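What follows is one structure encoded as structure tokens, with my remarks underneath.
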Amino acid sequence: MPELLYRFNLTEILLTSLTIVFYSIIHFYNSLSETKKFTYINSGIFIYVLSSTLIFCSGNIMTELDPSINHLVWFMNVVLYLVYQILISVEWFRNFRKKVL
């Protein structure tokens with residue numbers, strides 16, 4: 001079954017990624033009544049994991065599409081990952097850096 005090396009496992013993608021998205025939604029809901037901790041990190045997780053789940057779930061059919069569309073979709077994944085990293089950096093900068101007096 002070496003041909004399975006070149007295909008995405010949709011069950012694994014959906015089970016793991018949608019679980020993380022579900023916990024992110026729960027954190028958003030819980031932060032409505034409490035102090036807002038880790039909002040930027042949670043927003044980054046929600047945006048990136050949800051969008052990358054859609055990209056990876058469509059990955060098996062993207063091999064049949066035009067290569068320019070394929071490159072555009074994977075470039076979008078890279079940009080969304082960069083946004084995720086920026087949101088983590090903003091959270092760190094706002095909450096964990098040493099404050100100069």
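The values are calculated or read from the model by the stated rules, or taken from the named source; none is laboratory data. Keep in mind that this is a model prediction, so the values were computed, not measured. With ideal geometry, Cβ positions are generated from the backbone for all residues, glycine too; neighbour counts draw on all protein chains shown. The area values use the complete protein model at the heavy-atom level, side chains included, leaving out ligands, DNA and RNA. Shrake-Rupley method; radii C 1.70, N 1.55, O 1.52, S 1.80 Å.
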Quiz item: How many residues does the range 43-87 contain that are open to solvent by 100 Å² or more (accessible area, probe 1.4 Å) and under 18 Å from R7 (Cβ atoms)?
Solution: 4
Quiz item: Residues of the range 60-87 being closer than 19 Å to I13 by Cβ and in a helix (DSSP H, G or I), which ones?
Solution: N60, I61, M62, N70, V73, W74, M76, N77, V78, L80, Y81, Y84
Exercise. Could you pull out the residue among Y48, Y29 that is outside any loop (DSSP other than H, G, I, E, B), among the hydroxyl-bearing types (S, T, Y) and under 20 Å from T11 (Cα atoms)?
Key: Y48
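In this structure, does V90 turn out to be in a loop (DSSP other than H, G, I, E, B), β-branched (V, I, T) and either touching an Asp or Glu at 6+ places or on another chain (Cβ under 6 Å) or open to solvent by 40 Å² or more (accessible area, probe 1.4 Å) (or both)?
In short, no.
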Exercise. List every residue pair whose Cβ atoms sit under 8 Å apart, with the two residues 6 or more apart in sequence or on different chains, where the first one lies in the range 17-30 and is open to solvent by less than 60 Å² (accessible area, probe 1.4 Å) and the second, anywhere, is small (G, A, S).
Key: S17/S52
Quiz prompt | Options L5, L14; residue that is part of a helix (DSSP H, G or I) and open to solvent by less than 100 Å² (accessible area, probe 1.4 Å) | solution = L14
Quiz prompt | Within the range 32-42, considering residues that are among the polar types (S, T, N, Q) and either touching a Gly at 6+ places or on another chain (Cβ under 9 Å) or part of a helix (DSSP H, G or I) (or both), the one surrounded by the fewest Cβ atoms within 10 Å (Cβ to Cβ) | solution = T39
